[in-house]
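The values are calculated or read from the model by the stated rules, or taken from the named source; none is laboratory data. Everything numeric here is computed off the predicted structure, so don't read it as measured data. In this analysis, Cβ positions are derived from the backbone assuming ideal geometry, glycine residues included, and neighbour counts consider all displayed protein chains.
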Amino acid sequence: MNATDPQPATPGRLIRDACGEGRLLAKTELLQRLRERPAEPDAPVLPLEELEEEINKSLAGDPDLIVVHGPDGEEFYRCARLMSAAYAGILAGKSAPCLLIAGIVRTNSREYPRPVALDIFEYPPFDLDPESIQACLQRMAADADFDDISFVESSVGTVYLYSTRHLDHEYAAFLAERLDVDLALNP
(Lines give C-alpha, C1' and ligand atoms only; values in the text may rest on other atoms or scores of the structure.)
Protein backbone atom coordinates (compact mmCIF):
# COMPACT_ATOMS: atom_id res chain seq x y z
CA MET A 1 0.00 0.00 0.00
CA ASN A 2 1.47 3.38 -0.91
CA ALA A 3 0.96 6.77 0.74
CA THR A 4 -1.96 7.71 -1.54
CA ASP A 5 -3.98 4.59 -0.74
CA PRO A 6 -6.72 4.97 1.85
CA GLN A 7 -6.12 3.41 5.23
CA PRO A 8 -7.46 -0.13 5.66
CA ALA A 9 -11.06 -0.19 6.77
CA THR A 10 -10.97 -1.95 10.10
CA PRO A 11 -13.78 -1.46 12.61
CA GLY A 12 -11.43 0.16 15.12
CA ARG A 13 -9.99 2.62 12.61
CA LEU A 14 -13.41 3.62 11.30
CA ILE A 15 -14.79 4.12 14.83
CA ARG A 16 -11.77 6.19 15.84
CA ASP A 17 -11.97 8.28 12.66
CA ALA A 18 -15.65 9.08 13.29
CA CYS A 19 -15.04 9.99 16.94
CA GLY A 20 -12.10 12.15 15.90
CA GLU A 21 -14.59 14.07 13.75
CA GLY A 22 -16.91 14.47 16.76
CA ARG A 23 -19.54 11.96 15.68
CA LEU A 24 -20.70 8.48 16.57
CA LEU A 25 -20.56 5.70 14.04
CA ALA A 26 -23.85 3.86 13.61
CA LYS A 27 -23.66 0.10 13.16
CA THR A 28 -25.40 0.39 9.78
CA GLU A 29 -22.82 2.92 8.58
CA LEU A 30 -19.93 0.83 9.91
CA LEU A 31 -21.18 -2.24 8.07
CA GLN A 32 -21.62 -0.24 4.87
CA ARG A 33 -18.14 1.26 5.12
CA LEU A 34 -16.59 -2.17 5.74
CA ARG A 35 -18.35 -3.54 2.68
CA GLU A 36 -17.25 -0.60 0.50
CA ARG A 37 -13.62 -0.64 1.56
CA PRO A 38 -12.31 -3.99 2.83
CA ALA A 39 -9.28 -4.11 5.15
CA GLU A 40 -7.14 -5.77 2.49
CA PRO A 41 -6.87 -4.46 -1.10
CA ASP A 42 -8.61 -6.75 -3.58
CA ALA A 43 -10.20 -8.74 -0.76
CA PRO A 44 -13.68 -10.08 -1.46
CA VAL A 45 -16.62 -8.41 0.22
CA LEU A 46 -17.49 -10.43 3.29
CA PRO A 47 -21.04 -11.54 4.04
CA LEU A 48 -22.92 -9.51 6.64
CA GLU A 49 -22.54 -12.18 9.33
CA GLU A 50 -18.76 -12.20 8.94
CA LEU A 51 -18.60 -8.41 9.05
CA GLU A 52 -20.63 -8.41 12.27
CA GLU A 53 -18.27 -11.05 13.67
CA GLU A 54 -15.29 -8.82 12.74
CA ILE A 55 -16.92 -5.90 14.56
CA ASN A 56 -17.57 -8.05 17.65
CA LYS A 57 -13.95 -9.25 17.68
CA SER A 58 -12.72 -5.65 17.46
CA LEU A 59 -14.97 -4.60 20.34
CA ALA A 60 -13.90 -7.56 22.47
CA GLY A 61 -10.21 -7.00 21.72
CA ASP A 62 -10.07 -3.25 22.35
CA PRO A 63 -11.49 -1.82 25.59
CA ASP A 64 -11.45 1.67 24.02
CA LEU A 65 -14.22 0.68 21.59
CA ILE A 66 -17.63 0.91 23.21
CA VAL A 67 -21.20 0.25 22.08
CA VAL A 68 -23.69 3.07 22.68
CA HIS A 69 -27.43 2.49 22.31
CA GLY A 70 -29.82 5.15 21.07
CA PRO A 71 -33.30 5.51 22.55
CA ASP A 72 -34.73 3.49 19.67
CA GLY A 73 -32.22 0.66 20.25
CA GLU A 74 -29.94 1.59 17.36
CA GLU A 75 -26.29 0.66 17.99
CA PHE A 76 -23.53 3.22 17.71
CA TYR A 77 -19.85 2.97 18.50
CA ARG A 78 -17.43 5.33 20.20
CA CYS A 79 -13.78 5.37 21.16
CA ALA A 80 -13.44 6.11 24.89
CA ARG A 81 -10.18 8.01 24.41
CA LEU A 82 -11.74 10.35 21.86
CA MET A 83 -15.33 10.82 23.05
CA SER A 84 -16.87 10.90 26.51
CA ALA A 85 -19.86 8.78 27.45
CA ALA A 86 -21.92 11.93 28.10
CA TYR A 87 -21.20 13.41 24.67
CA ALA A 88 -21.90 10.07 22.98
CA GLY A 89 -25.19 9.82 24.87
CA ILE A 90 -26.25 13.21 23.52
CA LEU A 91 -25.37 12.25 19.96
CA ALA A 92 -27.14 8.89 20.25
CA GLY A 93 -30.21 10.57 21.74
CA LYS A 94 -30.78 12.96 18.85
CA SER A 95 -33.23 10.55 17.20
CA ALA A 96 -35.63 11.15 20.12
CA PRO A 97 -35.27 14.87 20.93
CA CYS A 98 -38.01 14.97 23.60
CA LEU A 99 -36.34 12.16 25.54
CA LEU A 100 -32.98 13.85 25.05
CA ILE A 101 -34.18 17.21 26.39
CA ALA A 102 -35.95 15.60 29.35
CA GLY A 103 -32.90 13.47 30.16
CA ILE A 104 -30.54 16.46 30.13
CA VAL A 105 -32.94 18.50 32.27
CA ARG A 106 -33.41 15.67 34.79
CA THR A 107 -29.69 14.99 35.02
CA ASN A 108 -28.85 18.66 35.59
CA SER A 109 -31.62 19.07 38.16
CA ARG A 110 -30.55 15.93 40.03
CA GLU A 111 -26.77 16.02 39.87
CA TYR A 112 -25.71 19.66 39.89
CA PRO A 113 -28.54 20.91 40.90
CA ARG A 114 -29.43 23.55 38.34
CA PRO A 115 -32.01 24.37 35.71
CA VAL A 116 -31.06 24.28 32.02
CA ALA A 117 -31.40 27.26 29.70
CA LEU A 118 -33.78 26.25 26.93
CA ASP A 119 -31.67 27.82 24.20
CA ILE A 120 -28.70 25.48 24.77
CA PHE A 121 -30.55 22.85 22.78
CA GLU A 122 -30.10 24.98 19.65
CA TYR A 123 -26.30 24.67 19.84
CA PRO A 124 -23.81 21.81 19.44
CA PRO A 125 -23.87 19.02 20.27
CA PHE A 126 -27.70 19.16 20.33
CA ASP A 127 -28.27 21.24 17.18
CA LEU A 128 -32.06 21.20 17.45
CA ASP A 129 -33.94 23.83 15.49
CA PRO A 130 -36.32 26.11 17.43
CA GLU A 131 -39.37 24.49 15.82
CA SER A 132 -38.31 21.02 17.00
CA ILE A 133 -37.69 22.34 20.50
CA GLN A 134 -41.14 23.96 20.62
CA ALA A 135 -42.75 20.77 19.31
CA CYS A 136 -41.00 18.81 22.08
CA LEU A 137 -42.18 21.26 24.73
CA GLN A 138 -45.76 20.93 23.50
CA ARG A 139 -45.51 17.14 23.45
CA MET A 140 -43.98 17.07 26.93
CA ALA A 141 -46.74 19.31 28.30
CA ALA A 142 -49.35 16.82 27.05
CA ASP A 143 -47.53 13.58 28.03
CA ALA A 144 -47.60 12.22 31.59
CA ASP A 145 -44.12 10.72 31.08
CA PHE A 146 -42.78 14.27 31.13
CA ASP A 147 -44.98 15.74 33.86
CA ASP A 148 -41.94 16.55 35.98
CA ILE A 149 -40.44 18.85 33.32
CA SER A 150 -41.31 22.44 34.16
CA PHE A 151 -39.97 25.87 33.32
CA VAL A 152 -39.11 29.15 34.93
CA GLU A 153 -38.20 32.47 33.35
CA SER A 154 -35.45 34.77 34.62
CA SER A 155 -36.00 38.51 35.07
CA VAL A 156 -34.32 39.12 31.70
CA GLY A 157 -36.61 36.67 29.92
CA THR A 158 -34.44 33.56 29.56
CA VAL A 159 -36.46 30.35 29.84
CA TYR A 160 -34.98 27.57 31.95
CA LEU A 161 -36.20 23.99 32.27
CA TYR A 162 -35.98 21.91 35.43
CA SER A 163 -37.33 18.67 36.86
CA THR A 164 -39.78 18.94 39.74
CA ARG A 165 -38.49 15.55 40.93
CA HIS A 166 -35.27 17.23 41.98
CA LEU A 167 -35.88 20.98 42.27
CA ASP A 168 -38.83 22.92 43.61
CA HIS A 169 -40.06 25.95 41.68
CA GLU A 170 -38.70 28.60 44.07
CA TYR A 171 -35.21 27.10 44.12
CA ALA A 172 -35.19 26.64 40.33
CA ALA A 173 -36.24 30.31 39.94
CA PHE A 174 -33.46 31.40 42.31
CA LEU A 175 -30.87 29.34 40.43
CA ALA A 176 -32.06 30.60 37.04
CA GLU A 177 -31.81 34.20 38.21
CA ARG A 178 -28.38 33.54 39.66
CA LEU A 179 -27.16 31.91 36.44
CA ASP A 180 -28.71 34.46 34.09
CA VAL A 181 -28.30 37.75 35.94
CA ASP A 182 -26.14 37.60 39.06
CA LEU A 183 -23.17 35.77 37.54
CA ALA A 184 -23.28 37.89 34.40
CA LEU A 185 -23.21 41.11 36.42
CA ASN A 186 -20.63 39.86 38.94
CA PRO A 187 -17.93 37.92 37.07
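List of remarks:
- Selection status of Ala88, part of a loop (DSSP other than H, G, I, E, B) and on the phi < 0 side of the Ramachandran plot: no
- Residue match in the stretch 113-129 (condition: within 30 Å of Val181 (Cα to Cα), among the basic types (Lys, Arg), in contact (Cβ under 8 Å) with a residue 24 or more places away in the chain and assigned to a helix (DSSP H, G or I)): no
- Contact map, the stretch 67-78: first residue over 10 Å from Ala26 (Cα atoms), second residue part of a loop (DSSP other than H, G, I, E, B), Cβ cut-off under 7 Å, separation 6 or more or different chains; pairs are Pro71/Ser95; Pro71/Ala96; Asp72/Ser95; Asp72/Ala96.
- If the condition is being over 26 Å from Leu25 (Cα atoms), in a helix (DSSP H, G or I) and hydroxyl-bearing (Ser, Thr, Tyr), then the stretch 91-112 contributes only Ser109.
- So Glu36, is it outside the structural domain of Phe126 (by TED's automatic domain parsing) and within 22 Å of Ala92 (Cβ to Cβ): no
- Within the stretch 16-56, being in a loop (DSSP other than H, G, I, E, B) and small (Gly, Ala, Ser) holds for Gly22, Ala39, Ala43.
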